[in-house]
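Novice: Handing you this structure, nothing more for now.
The values are calculated or read from the model by the stated rules, or taken from the named source; none is laboratory data. Just so you know, these numbers come straight off a predicted model, no measurement behind them. Here the Cβ is made from the backbone with ideal geometry for all residues, glycine too, and neighbour counts use every protein chain on show. We work out accessible area using only protein heavy atoms, side chains counted, and drop any ligands, DNA or RNA first. Shrake-Rupley method; radii C 1.70, N 1.55, O 1.52, S 1.80 Å.
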Amino acid sequence: MALKKRTMRKRSQRMAYILLKELKAKAKAMTSTTGYEFETLKITSPKQFIKNVELNRPDKRNAMNTTFWKDIYNCFTKLSDDPDCRVIVLSGAGKMFTAGLDLYENEIFKSLLSSDSQDSSRKSFKILKGIQELQESFNVIEKCPKPVIAAVHNGCIGGGIDMIACCDMRYCTQDAWFQIKEVDIGLAADLGTLQRFPKIIGNDSLYRELAYTGRKFDAEEAKSIGFVSRILPDKNTLLEAAILIAEQIASKSPVAVQGIKVNSVYSRDHGVYQGLEYMATWNSTMLQSEDVGKAVSAAIQKETPVFSKL
Ligand SMILES: CC/C=C\C=C\CC(=O)SCCNC(=O)CCNC(=O)[C@H](O)C(C)(C)COP(=O)(O)OP(=O)(O)OC[C@H]1O[C@@H](n2cnc3c(N)ncnc32)[C@H](O)[C@@H]1OP(=O)(O)O
């Protein structure tokens with residue numbers, strides 16, 4: 001009898017051990033960042049379904065060098081397909097968010113200066129391809145179906161504006177400042193600022209002033225023109241606020257959330273009736289999702305729904 005009891009105790013201890021191991025493995029998988037190793041970016045998972053992409057060249061003020069363009073492209077391409085990621089927070093390590101284009105180390109400038117060919121058309125084709133590749137490095141942020149929240153502290157310069165204009169939401173610290181600085185290095189911004197920024201702020205006159213002059217604008221002005229939606233006292237509270245909102249979004253149906261993003265981007269670039277047509281087609285499929293039934297019955301029963309991975 002005693003032997004039987006001991007065997008049963010041992011068996012249940014073993015089962016509890018296996019269960020605990022499985023739970024630990026599951027928890028690890030939920031916040032895992034395996035496969036997200038990049039030279040210029042640091043990826044963490046502060047909460048389940050949330051990834052924090054941190055620009056990580058603090059000594060160079062997170063300036064965007066050749067490796068950065070590849071890293072950011074690969075990172076967002078991977079995040080787009082990752083079922084463990086529902087929302088992304090984009091932030092910067094060190095003193096400031098980003099100093100924009102790395103003025104010392106960029107293939108595009110090297111190829112501009114290199115003399116592979118003297119023929120201007122051939123040179124132009126090469127540069128064109130280079131610019132389009134850089135554009136794609138930021139386009140993937142907008143094309144990523146998961147919402148991206150930019151958390152900006154201190155300076156956000158040049159390419160930084162191109163990048164955060166691709167994000168769904170922008171929060172910043174009280175000490176944040178922004179600058180469409182390309183004009184000061186003899187360029188018309190070519191990675192999306194001229195296309196996206198005026199649509200975000202809805203003030204063409206002011207947008208042109210900022211682009212033509214390269215004037216810095218601070219957090220208060222950025223909020224007053226609608227470029228950022230929240231100002232937080234410092235970097236810690238900024239990240240806390242961004243992660244809190246990310247958590248709220250991550251608790252919703254991923255089918256609904258990703259539908260909102262895809263259709264918002266489409267509608268920005270199309271007329272109302274085209275947007276409505278796209279939406280109707282989209283929802284003719286997505287309304288059939290189990291998430292709709294789950295959400296409705298949870299609402300009726302005053303419960304919190306849990307949605308499976310997408
Ligand atoms: C095809 C084109 C595609 C994209 C085009 C994008 C256009 C742009 O992004 S335009 C904007 C370009 N950026 C700038 O003009 C900013 C230049 N930097 C500064 O004005 C200042 O450095 C600062 C960002 C205001 C920061 O000042 P501070 O905090 O005093 O630090 P520093 O001592 O100046 O710099 C520290 C360290 O960082 C390096 N660094 C800063 N900015 C850049 C940069 N843009 N590119 C490369 N490196 C940068 C700086 O050299 C220092 O490095 P050390 O090794 O310590 O010297």
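Novice: Out of all the residues in the stretch 135-167, which are within 16 Å of the ligand (Cβ to nearest atom) and either in a loop (DSSP other than H, G, I, E, B) or modelled with pLDDT under 95 (or both)?
Specialist: Here is the first cut: in the stretch 135-167, the ones within 16 Å of the ligand (Cβ to nearest atom) are 135-141, 150, 152-166.
H153, N154, G158, A165, C166 - these are the residues of the stretch 135-167 that are within 16 Å of the ligand (Cβ to nearest atom) and either in a loop (DSSP other than H, G, I, E, B) or modelled with pLDDT under 95 (or both).
Novice: Taking the stretch 148-189, which residues are open to solvent by 20 Å² or more (accessible area, probe 1.4 Å) and touching a Leu at 6+ places or on another chain (Cβ under 8 Å)?
Specialist: Q174, I185, A188
Novice: Provide a single number: the residues in the stretch 268-309 that are of a type in the set (A, V, I, L, M, F, W, C) and under 24 Å from the mean Cα position of the chain (by Cα).
Specialist: Within the stretch 268-309, residues that are of a type in the set (A, V, I, L, M, F, W, C) and under 24 Å from the mean Cα position of the chain (by Cα) number 5.
Novice: Which of the following residues is β-branched (V, I, T) and either in contact with a strand residue (DSSP E or B) (Cβ under 6 Å, 6 or more places away or on another chain) or part of a helix (DSSP H, G or I) (or both): V265, V306?
Specialist: Matching residue, one of V265, V306: V265.
Novice: Could you list, in sequence order, all residues of the stretch 71-110 that are open to solvent by 50 Å² or more (accessible area, probe 1.4 Å), closer than 26 Å to T33 by Cα and touching a helix residue (DSSP H, G or I) at 6+ places or on another chain (Cβ under 8 Å)?
Specialist: Correct list: Y73, T77, K95.
Novice: If you don't mind, there's one more thing I want to ask. Among the residues of the stretch 195-218 satisfying the criterion of being within 16 Å of the ligand (Cβ to nearest atom) and crowded, with 18+ Cβ neighbours inside 10 Å, which is farthest from L134 (Cα to Cα)?
Specialist: Step by step, filter the stretch 195-218, then rank; the result is F217.
Novice: Looking at the stretch 174-185, which of the residues that are more than 10 Å from the ligand (Cβ to nearest atom) and of a type outside the set (A, V, I, L, M) is nearest to the chain's Cα centre (by Cα)? Even if it seems obvious, please write down each step before you answer.
Specialist: Step one: list which residues in the stretch 174-185 are more than 10 Å from the ligand (Cβ to nearest atom), which gives 174-176, 178.
Still in the running and of a type outside the set (A, V, I, L, M): 174-175, 178.
Values: Q174: 21, D175: 22, F178: 18 Å.
Residue satisfying both the conditions and the ranking: F178.
Novice: Of everything in the stretch 207-236, what is touching a residue at least 60 places away in the same chain (Cβ under 8 Å) and not in a loop (DSSP other than H, G, I, E, B)? Give them in sequence order.
Specialist: Within the stretch 207-236, I231, L232, K235 qualify.
Novice: Can you tell me which of E37, E54 is more than 16 Å from the ligand (Cβ to nearest atom), modelled with pLDDT of 95 or more and surrounded by 18 or more Cβ atoms within 10 Å (Cβ to Cβ)? Give the derivation first.
Specialist: On the way: E37 fails: surrounded by 18 or more Cβ atoms within 10 Å (Cβ to Cβ).
Just one listed residue meets the conditions, E54.
Novice: OK, next. Search the stretch 242-266 for residues that are farther than 23 Å from Q288 by Cα and pair each with any residue that is of a type in the set (F, W, Y) when their beta-carbon atoms are under 9 Å apart and the residues are at least 6 apart or on different chains.
Specialist: Filtered contacts from the stretch 242-266: A242/Y171; I245/Y171; A246/F49; E247/F49.
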